[in-house]
Number of protein chains: 4
Amino acid sequence: MANFGGHAIPGTFFLFLGFWLTVKRILHHYWRTSQPKGRHNMPPFFKRMDYFEGGLQIFASFVGIMVEQFVVDGPHAHLYDRENSSWVKLMNWQHSTMYLFFGIAGIALVATTTSKLVPLGVDRLALSMALFVEGFLFYYHLHSRPHLDAHIHSLLLVAVFGGSASAMLEVFVRDNIILELLGACLFILQGTWFYQIGFVLYPLRGPQWDLELHDNVMFVTMCFCWHLAVALILVACTSSVVYLALSEWWRHSCQVRSRWRRS
Amino acid sequence: MANFGGHAIPGTFFLFLGFWLTVKRILHHYWRTSQPKGRHNMPPFFKRMDYFEGGLQIFASFVGIMVEQFVVDGPHAHLYDRENSSWVKLMNWQHSTMYLFFGIAGIALVATTTSKLVPLGVDRLALSMALFVEGFLFYYHLHSRPHLDAHIHSLLLVAVFGGSASAMLEVFVRDNIILELLGACLFILQGTWFYQIGFVLYPLRGPQWDLELHDNVMFVTMCFCWHLAVALILVACTSSVVYLALSEWWRHSCQVRSRWRRS
Amino acid sequence: MANFGGHAIPGTFFLFLGFWLTVKRILHHYWRTSQPKGRHNMPPFFKRMDYFEGGLQIFASFVGIMVEQFVVDGPHAHLYDRENSSWVKLMNWQHSTMYLFFGIAGIALVATTTSKLVPLGVDRLALSMALFVEGFLFYYHLHSRPHLDAHIHSLLLVAVFGGSASAMLEVFVRDNIILELLGACLFILQGTWFYQIGFVLYPLRGPQWDLELHDNVMFVTMCFCWHLAVALILVACTSSVVYLALSEWWRHSCQVRSRWRRS
Amino acid sequence: MANFGGHAIPGTFFLFLGFWLTVKRILHHYWRTSQPKGRHNMPPFFKRMDYFEGGLQIFASFVGIMVEQFVVDGPHAHLYDRENSSWVKLMNWQHSTMYLFFGIAGIALVATTTSKLVPLGVDRLALSMALFVEGFLFYYHLHSRPHLDAHIHSLLLVAVFGGSASAMLEVFVRDNIILELLGACLFILQGTWFYQIGFVLYPLRGPQWDLELHDNVMFVTMCFCWHLAVALILVACTSSVVYLALSEWWRHSCQVRSRWRRS
């Protein structure tokens, strides 16, 4: 992970997840609000989206764990080196642990979608746990790092724990579109911030950043707020576009159907 | 900002906003409780109030950003000075960021008022975010300042984060007049406390305060509680006066109308 | 306050308040659960209890403020001594501030009881604020005191902030007897703990406690849990006795009435 | 407690309690969801389970207190040694205090089960308090211990305070199976983590762990996440097995009954 690519990959993943959740939840919201009361059978399309999302999460975390373990300088599934009496590549093991929990969240999502016996909200609880574990491991990661490095990662924790709290709240407050979009927004924020961490700690070109300069810390704090603003605007725009496109498409397909009936 | 005026301007703004919210929310409350059940179309007057509030917020934050950027010793929209390899006037940029979020809150309020498609509560979420960002930036502002300076600003954070939490709660608990007035009260508290900070750090006359004296810290802590008491009393008085005036006016206009019908 | 009596007086007050609230809330609960649905006019007895409680709070805080101000070595309403350029007896002023907020809570209780226009829950909000201000001032009180002194007061904060949070929750979750008794229990805990602080810091007889000994800190922590257990048991016993006595009295008065009707 | 056995006993207790709660709550959930609406009389079997659980808690805490007090090197119910002017075996007293609160929780459970006058949720409040007191005493336990020792105990606090918060939430949000299973999961986590603490601090064989090595701290943090994953999986598997076995048994007994009616 200690290079630009190692931050860009999770960043891309979270960005994609954030947009996916925005679109999915707006679709749900549109369907909920446009249905007459009483009809509550979800169309199968929503199920297929959840299967896809859950399957992708399981697949991605499996690949992630494999890569972390069997990359050239990885631990190759060895945890303890008896010869040197030392732990082997704990960093890779920690990342594997994070992926494991996102995999569990994927399994929970698939299980909730498949069976009506699994109580609603188990998927959100598992997602909340995955984010909690991510933040928890990051939190104990930060000791004895340079100031800016520790600070930029601790700002990430705001997005991670915020997302965890928002997912936990969704277990109890269901079908609240604002809460759902807030969760998606925090995923996007996490994604863009991973990129920002990559750009700051492993600049692609130009000089290295001074990791102890107070002005850099101040700038990075402010920059986090800009990312938040951008994430808010991205979610707002995406959901407006999806919602309006849906309405348009729905009105159109109704017209087509009514014309077809009349003829 | 590093003078009395720089604290008096946001103080005045928050004071005004607090009173405005008190009056607006009492009007809403009166209307809600006095209507027979079933009639839930808001009179257009409320919409106009929201447009005014949102428009003013957008305008004020635009002016605020412009002033922070293009004041004589401002950054003039330059963020990084390549010659000296240093950031340009980060303080002004941070203030601009705060204004930006209040501007976003204004846009959210206007959008919620305009269209029924925007879910209720988006305006409160945006307000909560604006206060969170304000507190967040202030929090990382305070390191390595003199004791009293850091303390007096950290007391401000109580009002700011309290207001943010109360606005966030309003997303979920709607039409609770106590919560709404508590939010307004915390704005008034913030406003008066900005004035207090100005008086303490940049006294208009008399000697400077000793920024390391423990007794000053103790006094300032207590003084914050007095401001809270004053804010509570101001909100209580304003809402009583508005409520009673409304009842009086309503009773009067009913009498006039019934007399007019009889004649 | 810096003697045993100064801790015994608030201790007695909070103990009394805790028992009073237990009895009052059990009466309310009994009345709520024993009434057939639909009848929701409170008997005037409850109103009189609230007037008494509110009046006593106002009176007690008025007396408290007067005593703190005009006691022999008090500030006599002088806040700043211009000759020595120093604040006058800030400790007394802080205590006056705490009393002031309990007075405001009393006024809010009387107002809520008197008028139906005051929204339900304002009394709880004011009580929550009074406890918050008490904890807030205590919190900033503790710096640079001996270890045991700071620790024993910080344990008090657990009861104070717990009570504040529970009162705040009562604004939103109404008529939940468990929450109401928890609030009363935390007042009793606060009361007994004030006595404990008095006994530890100003022992009536025997040697002084060593304020830096780690074992004393450990004992005091454990002792706080015992106080909590005692407070829980006191609340449980009081409410059981009151509830059973009420049932007995109610059954008896019903029998008397029915006999009287038959004859 | 300062040996492996002293951590294995509470570990076994919490593990057992976690599994017991999982099974009990799934039984409740099955019964709730399979009943037609309106029938809300609990079968007596559930009452007997609660009596057993409460009775066992009371018995276990009584035995625990007795053992802690009258073990060979225990305090034998002496709190203060006047000769040496020192507290006697405060560690044992602290453990007794923890057991006391679990005993109170047992009494509350029995009382809630016995009488309808005890409001629903008192048992959860008492359980929440027992966990809070456990965490509270542990928290002030940790000062001036070696790094790894303090860290491994502070991770325990995550499970303890998490369990306390979840039990407190159950007072207000009733019959939410996800919340109930989360509580059970946190008990299992606590149980396995007690074992882990025993293995790390008092290894049965092999060399002692280096209590200051940063890598050990990192491993232990990650290991806690693995325990969480295991606890989640154990709860998921147990509840699935119980639920499916119940359904099978119910279907079977229905068939038997209908065959018996036809013949």
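The values are calculated or read from the model by the stated rules, or taken from the named source; none is laboratory data. If you're wondering where the values come from, they're calculated on a predicted model, not measured in any experiment. Backbone-built Cβ (ideal geometry, glycine too); neighbour counts: all protein chains shown.
Checked against the criterion of being part of a helix (DSSP H, G or I), touching a helix residue (DSSP H, G or I) at 6+ places or on another chain (Cβ under 9 Å), hydrophobic (A, V, I, L, M, F, W, C) and at pLDDT 85 or above, region A:68-88 contains not a single residue that satisfies it. Say we look at region D:91-106 and pick out the residues that are of a type in the set (A, V, I, L, M, F, W, C) and more than 9 Å from chain C (Cβ to nearest Cβ); which of these is nearest to D:Phe59 (Cα to Cα)? Result: D:Phe102.
In region D:47-60, the count of residues that are more than 30 Å from D:Tyr243 (Cα to Cα), modelled with pLDDT of 90 or more and among the polar types (S, T, N, Q) is zero.
The residue pairs whose first member lies in region D:166-191 and is under 18 Å from A:Leu169 (Cβ atoms), whose second member is aromatic (Phe, Trp, Tyr) and surrounded by fewer than 24 Cβ atoms within 10 Å (Cβ to Cβ), and whose beta carbons are closer than 7 Å, counting only pairs six or more residues apart or on different chains, are D:Val173/A:Phe172. Among the criteria (1) in contact with a helix residue (DSSP H, G or I) (Cβ under 9 Å, 6 or more places away or on another chain); (2) more than 14 Å from chain C (Cβ to nearest Cβ), the one B:Ser263 does not fulfil is (1). Could you list all residues from region B:105-136 that are surrounded by fewer than 18 Cβ atoms within 10 Å (Cβ to Cβ) and among the small types (Gly, Ala, Ser)? Residues satisfying the conditions are B:Ala111, B:Ser115.
Of all residues assigned to region A:8-28, none qualifies as being in a loop (DSSP other than H, G, I, E, B), touching a residue at least 40 places away in the same chain (Cβ under 8 Å) and not acidic (Asp, Glu).
Only one entry of B:Asp50, B:Asp81, B:Asp73 meets the criterion of being of a type in the set (Asp, Glu) and closer than 30 Å to B:Ile26 by Cβ, and that entry is B:Asp50. Put simply, of B:Val217, B:Val200 the only residue that is out of contact with any His (no Cβ under 9 Å at 6 or more places or on another chain), modelled with pLDDT under 95 and of a type in the set (Val, Ile, Thr) is B:Val200. Residue-level check: of (1) more than 10 Å from every other protein chain (Cβ to nearest Cβ); (2) without any contact (Cβ under 8 Å) to a residue 40 or more places away in the chain, B:Ala126 misses just (1).
Screening B:Phe59 with (1) touching an Asp or Glu at 6+ places or on another chain (Cβ under 8 Å); (2) surrounded by fewer than 14 Cβ atoms within 10 Å (Cβ to Cβ); (3) not β-branched (Val, Ile, Thr) gives one miss only, at (1).
When region C:201-225 is limited to residues that are surrounded by 13 or more Cβ atoms within 10 Å (Cβ to Cβ) and facing another protein chain (nearest Cβ under 7 Å), the one that is farthest from D:Ser144 (Cα to Cα) turns out to be C:Cys225.
Across region B:229-252, a minimum of one residue is classified as modelled with pLDDT of 90 or more, out of contact with any helix residue (DSSP H, G or I) (no Cβ under 6 Å at 6 or more places or on another chain), within 11 Å of another protein chain (Cβ to nearest Cβ) and surrounded by fewer than 12 Cβ atoms within 10 Å (Cβ to Cβ). Tell me whether region D:79-95 contains one or more residues that are within 19 Å of the chain's Cα centre (by Cα) and buried (at least 18 other Cβ atoms within 10 Å of the Cβ). Looking for residues that are within 19 Å of the chain's Cα centre (by Cα) and buried (at least 18 other Cβ atoms within 10 Å of the Cβ), one finds at least one in region D:79-95, hence yes. Going through (1) over 21 Å from B:Leu156 (Cβ atoms); (2) surrounded by fewer than 20 Cβ atoms within 10 Å (Cβ to Cβ); (3) under 19 Å from the mean Cα position of the chain (by Cα) one by one, B:Met42 falls short only on (3). If I filter region D:137-147 for residues that are within 24 Å of D:Leu232 (Cα to Cα), within 12 Å of chain C (Cβ to nearest Cβ) and surrounded by fewer than 19 Cβ atoms within 10 Å (Cβ to Cβ), do I get at least one hit? No, because not a single residue in region D:137-147 is within 24 Å of D:Leu232 (Cα to Cα), within 12 Å of chain C (Cβ to nearest Cβ) and surrounded by fewer than 19 Cβ atoms within 10 Å (Cβ to Cβ). When the test is whether a residue is within 30 Å of C:Thr112 (Cα to Cα) and either touching a Lys or Arg at 6+ places or on another chain (Cβ under 8 Å) or not small (Gly, Ala, Ser) (or both), B:Ile152 does not pass it.
Can you find a residue that is touching a Pro at 6+ places or on another chain (Cβ under 9 Å), of a type outside the set (A, V, I, L, M), under 25 Å from A:Tyr80 (Cα atoms) and in contact (Cβ under 8 Å) with a residue 60 or more places away in the chain anywhere in region D:194-201? Taking every residue of region D:194-201 in turn, at least one turns out to be touching a Pro at 6+ places or on another chain (Cβ under 9 Å), of a type outside the set (A, V, I, L, M), under 25 Å from A:Tyr80 (Cα atoms) and in contact (Cβ under 8 Å) with a residue 60 or more places away in the chain. Cβ separations smaller than 8 Å between residues 6+ apart or across chains give the following pairs from region C:79-99 residues that are acidic (Asp, Glu) to residues that are surrounded by fewer than 20 Cβ atoms within 10 Å (Cβ to Cβ): C:Asp81/C:Trp87; C:Asp81/C:Val88.
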